[in-house]
Amino acid sequence: MAGQPLHEIGPAGAGFEASALGFTLALAASWAGPAGVIWAGEDAAFAEEGAPYPLGLAQYGLSLDRLIVARAKKREDALWAAEQALAATGAIVICALGAQGKPLDLKASRRLLLFAERHSSRCLLLMPASGPSAAWTRWRIAPAESNAEPDELGAPAFRAELTRNRGGSFGSSFIVDWNAHERRFTERALARDLSAAHQDGPVDPLWARAV
Amino acid sequence: MIRSGRGPSDDRPLAVYAKENGALQLKGVDARASKLGLNLAMSLADARAMQPKLEAVEAEPEEDARALDNIAAWCERFTPIVVVDPPEGLFLDVSGCAHLFDGEENLRVEVVTRLRAQGFGARAAIAPTPGCAWAFARYAKQKQRLTPSLAMSEDWQAQLAALPVEALRLEPSAAALLRRLGLKTIGQILHAPRSAFTARAGENAMLRLDQALGRTQEALTPRRPAPPVFALRRFLEPVFTADAVLQVAQDLCGGVVEKLDARGAGILRAELVLFGVDGRDRVIGVNVSKPLREVKPLMRLFREKLNIVGENLDAEFGFEAARLDVARLAEFNQRTQTLVSVEASAATDETISGIADVLTSRLGPKRVVRPTVHDEHSPERAAGWRSALSRSQGGKAKKPPTDGVQRRPVRLFSPGQQIEVMAGVPDGPPIKFRWRRVMREVVRAEGPERISGDWQKREMTRDYYRLEDKQGRRYWIYREGLYGEGEKPPLWYLHGLFA
């Protein structure tokens, strides 16, 4: 998954938008290089669930001096901003679309894919509904119960379902915790999923699975 | 120089009047009326008695000022430095511009003929000093005004000496005094003893004389601040298409970059001014976050900007000239430029600011933002967003803790949204709460984190809790005030969402 340029992320149900965003931010933080993260989106994608809060983003593992947020009134402007940002080599671009309007069409997602491929940048498409898309993988995200002590919230936790994977199998779901300090996911140690890969060390289970 | 006003409708003499001390006084007469013996000393009644056919219009000084300003704006196609000299004059600083118009005389003729074609009476002179130009435009005989390039001629001071004293921009009373003293031409003053002259006619008259002769520099304030660097092109044929405009912009960018090279400066804001054949001009501005001195990125910004304004360019009659102004510039640090290829982090700083520039050119500075962190307790004031173009906060910015613990939400509602809460114990976290009409059952709670408000702003103390509901969703809520503090139980708010 890490090597592929375009991924689509959405909530697994109504009310899980924050989790979908969190998963997206976590991926962006884990991939982010010196070229930074550009979060481009429609107004609707910013207004509904509150405004991005820098302190929270920093605690999530994003580097604030390498983050730009671009808000666009119209979807075409948001897509344009994402394309422009993808033209910067190595950039990680979050393209966030609101719930209103039609799902993104295939052509627009192909354009994003092309931009990302051409400039070795990567795009995370965050949108509630989806239609046909050129994305390499599609994830449906729900929150997962915390894994910490009873009086703590602990690390952000997700139930991530891979509903589409151009590169391999899909349909499986994972429960992962986001380690913001080390900027990587750790998969919950479910007996059936214990594989050699993560006994070896900090290989990201999502990457190993979806590449 | 321009006489404000409209062209005469027919053959009748025209005069402008205004109320003064209860009488209607002539304020302006056109050439025809002047020939018939009307002058500014007359009242309207006297003038009417002399010339019953006189067409009289009431003076509209505000309208005139507006008209003059419009003309000044139009004149900016000849030079960016246009000074409005009310009530009827304009100064154009054409140094360095004349070659674009095949010389000063051609430039002068073009300005005058085109103003006349628009229905304005206009006279103009080009001279080495503003004062001298003022004098010649108003008081030189027509033949003299047409003398090719006064500025070039050796004896311009001698020519100036032949003009009447009124040509020195004097108060009417001062001019009248000089006349009573028998000093009728500027030349006569030139030879008068300086101290005696000053004593009689006042400091101002001497100053005006010095300014006209170029003994003293005269500081004029242009209508718009003169750009420190600019490039101007005019076209033989009007230009219509966006492509052609871009081509021109590219030329101009090249010209400006060359000049900036020489000054060791870079662009922070550039404005492309397009002068329409219809007399209106359009300005396309781009901002840059770091001083820029390259044509390519500059053109990328202009291309984006033109894409948006493209339809609104409204080039119905085409553009006849274009100018690129560097509205703001900054010292260009050659060292950072050469280090870019060596130092990876510097290179990506450039990348990030490059993206910010491009996005801002289309979305605007309020919509392309970077995070800021402030040393404040109140969550609302502890962080915010600023335009991605603005200079960085510098090294003093507080670094938020990044130990991996989520103390603050990724999304913040401002203001917080009120929620309905069922708390277990009065000072404890809620057991259940209702937000957006849905009841949420709390399974985990962390807190309280007490954040005291600013007492000067009468803010109450808040106790914040981090909650997780049955489905795993996480919230940041607070109770405003303490139990037992007021008469009513304190209110609860949802302030943010953890992801």
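Every number in this text was worked out from the coordinates using simple rules, so none of it is lab data. Quick caveat: nothing in here was measured; it's all calculated off a predicted structure. Cβ placement follows ideal geometry from the backbone for every residue including glycine, while neighbour counts extend to all protein chains displayed.
When shorter helices are ignored and each DSSP H run of at least 4 residues is given -39500 (n - 2.57), the per-residue value for chain B at 222 nm works out to -9500 deg cm²/dmol.
Multiplying the residue separation of B:Glu420 and B:Val277 by 0.36 nm and removing their Cα-Cα distance gives an extension gain of 45.0 nm. Working from Cα pairs under 8 Å separated by at least six residues, relative contact order for segment B:63-213 is 16 percent. Summing Lys and Arg as +1 and Asp and Glu as -1 over all other residues whose Cβ lies under 12 Å from the Cβ of B:Ala175 gives a net charge of +3.
Pairs spanning more than 24 Å between alpha-carbon atoms, out of B:Lys432/B:Lys488; A:Lys102/B:Lys432; A:Lys74/B:Lys305; A:Lys73/B:Lys470; B:Lys432/B:Lys457: A:Lys102/B:Lys432; A:Lys73/B:Lys470; B:Lys432/B:Lys457.
Averaging the sequence gap over all C-alpha pairs within less than 8 Å and six or more residues apart, then dividing by the number of residues, gives chain A a relative contact order of 25 percent.
Between the amide H of B:Ala327 and those of B:Arg269, B:Ala270, B:Glu271, distances stay under 5 Å, these residues lying 5 or more places away or on another chain, with hydrogens modeled in the peptide plane. Listed values for segment A:62-70 are Karplus-derived 3J(HN,Hα) couplings in whole Hz (6.51 cos²θ - 1.76 cosθ + 1.60, θ = phi - 60°), namely 7, 8, 5, 7, 10, 10, 10, 10, 10, and x replaces Gly and Pro. Between segment A:64-91 and segment B:247-325, the alpha-carbon centres lie 24 Å apart.
Averaged over peptide B:362-374, the number of partner chain Cβ atoms lying within 10 Å of each residue's Cβ comes to 6. Taking other Cβ atoms within 10 Å as a rough exposure proxy, A:Cys123, B:Cys132, B:Cys97, B:Cys253 sort from fewest to most as B:Cys97, B:Cys253, B:Cys132, A:Cys123. Pairs exceeding a 23 Å alpha-carbon distance, out of B:Lys19/B:Lys184; B:Lys35/B:Lys141; B:Lys259/B:Lys290: B:Lys19/B:Lys184. If you find the alpha carbon centre of segment B:467-499 and of segment B:211-235, how far apart are they in angstrom? If we compute the Cα centre of each part, the gap is 63 Å. Using the Karplus relation 6.51 cos²θ - 1.76 cosθ + 1.60 with θ = phi - 60°, the per-residue 3J(HN,Hα) values for segment B:72-80 come to 4, 4, 4, 5, 5, 6, 9, 6, x Hz, with x marking Gly and Pro. Taking amide hydrogens as placed 1.01 Å from N in the peptide plane, the amide H of B:Phe332 sits under 5 Å from those of B:Ala265, B:Gly266, each at least 5 positions away in sequence or on another chain.
Here the Karplus curve 6.51 cos²θ - 1.76 cosθ + 1.60, taken at θ = phi - 60°, turns the phi angles of segment B:247-259 into couplings of 4, 4, 4, 4, 4, 5, 4, x, x, 5, 4, 4, 5 Hz, with x standing for Gly and Pro. Counting only DSSP beta bridges with both residues in the protein assembly as shown, the antiparallel share comes to about 75 percent. By how many degrees, 0 to 90 and rounded to 10, does the Cα axis of helix B:104-117 deviate from the longest principal axis of chain B? That helix lies at roughly 80 degrees to the long axis. The angle separating the long axis of helix B:203-213 from the principal Cα axis of greatest extent in chain B is about 80 degrees. A Förster radius of 30 Å combined with the Cβ-Cβ distance from A:His181 to B:Glu441 puts the calculated FRET efficiency at roughly 0.50. Ordering of A:126-136, A:85-95, B:196-206 by packing is A:85-95, A:126-136, B:196-206, highest average first (other Cβ atoms within 10 Å, averaged per residue).
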